[in-house]
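Everything on this sheet refers to the single structure shown next.
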Amino acid sequence: MTSVIDVANLTKGYGQDRGLNGVSFTVAPGEVLALLGPNGAGKTTCVEILEGHRRRDSGEVSVLGVDPALGGRRLRDRIGIVMQEAGIDPELTVREVLEHYGRAYSQRRAAVELAELVELTDRLDDRVSRLSGGQQRRIDLALGLVGTPELVFLDEPTTGFDPVARRRSWDVIGDLAAAGTTVVLTTHYLEEAEQLADRILVLVAGQIVAEGTPDELRRGAQRETTIRFGLPRVDAPLESLLEPLQGKASGRGMDLEVTTSRPTADLAHITGWALARGIELEGLVVETTSLEQAYLRLVEGEQP
Ligand SMILES: Nc1ncnc2c1ncn2[C@@H]1O[C@H](COP(=O)(O)OP(=O)(O)OP(=O)(O)O)[C@@H](O)[C@H]1O
Ligand SMILES: [Mg+2]
């Protein structure tokens, strides 16, 4: 199957080593790709080159079979875009904005349908300026879908959303993907990437430093388990708790955190120790490496 996006050795320089420095990747039809990376890593630069909104310095780029630098309107008609910073006229109503942008596309969704998708039905006739920041951002998401695109670029689409709206928008994006739309997403929410992405690219200082499914990235990081609980208030010294542990114990505020590659043995020891003394371990949690921890290790190791 031919890829929807094909990028080879893409570079873009803004001087002082900023920009993109030889990025290569492909995106398959129907795939959801998340671009992660710290502020200034080059995510928006990369996405905007793929959209045809920015010029590249060098490299090969193909989007839906055409070079976006030359793609023009035919390509625009097949893609949807949610920019990191969108400029919508705040004096228009939500309905007017959705209808206005729809006109640019040959196959468009009705304003009513779009408003329903992003839960703004009751605000259709309000001016954009009357909406809250998160509600305005939901218009941006709707505009990304107005042209029934085959491919959508979502540059931090849920920034400013409340947690409920964010989860609902994951459903919207998930439904698009399930219907076969290819999605390229940038986000700073690791949970968002974990929920939505088939594959993740981590970009640091204009280069890809890791690539894989969310599971692969988690597994690539050192696989350890963290056991955490509130430090018990007991008169007896804690040596009998700490010394037999195989993992590493450290204090975190009022909590004790044990990082271990032998979670079964360490957990048995900790709970056995507490049971023998009739102590309830407050806030006891056991967790394996999260995508967020894996990401932080990757990025902290790579950042200049
Ligand atoms: N038009 C421009 N002129 C000069 N430098 C630029 C320009 N656009 C971006 N840059 C620089 O290129 C680097 C990458 O920017 P980019 O916007 O692609 O990062 P990003 O990964 O999207 O970051 P964020 O997470 O903050 O959105 C930054 O150092 C930025 O300052
Ligand atoms: Mg950006």
- Order the peptides 21-29, 189-197 from the highest to the lowest mean number of other Cβ atoms within 10 Å of their residues. 189-197, 21-29
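List the trypsin sites (Lys or Arg not before Pro) within the range 89-123 that DSSP assigns to loop and that have no more than 11 neighbouring Cβ atoms inside 10 Å.
In loop regions of the range 89-123 (DSSP not H, G, I, E or B), the sparsely surrounded trypsin sites (Lys or Arg not before Pro) are 103.
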- Placed amide H near residue 32: partners under 5 Å, 5+ positions off or other chain: 183, 198, 199
- Likely footprinting exposure, 36, 75, 238, fewest C-beta neighbours within 10 Å first: 238, 75, 36
- Rounded to the nearest 20 Debye, what is the dipole magnitude of the chain about its Cα centre when Lys and Arg each give +1 and Asp and Glu each give -1 at the C-beta? 500
- Helix 291-302 versus the longest principal axis of the chain: what is the Cα-based angle in degrees, 0 to 90, to the nearest 10? 80
- Task: Quick one: order 239, 150, 287 by neighbouring beta-carbon count within 10 Å, fewest to most.
- Result: 239, 287, 150
- If you project the alpha carbons of the chain onto the principal axes, what extent comes out on each, in Å, largest first? 74, 47, 38
- Note on the structure: Whole-Å distance linking the alpha carbon centroid of the range 142-177 with that of the range 220-267 is 40
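Bear in mind that the values in this text are calculations on the coordinates, not laboratory data. For clarity, every value in this text was computed on a predicted model and none was experimentally measured. Here the Cβ is made from the backbone with ideal geometry for all residues, glycine too, and neighbour counts use every protein chain on show.
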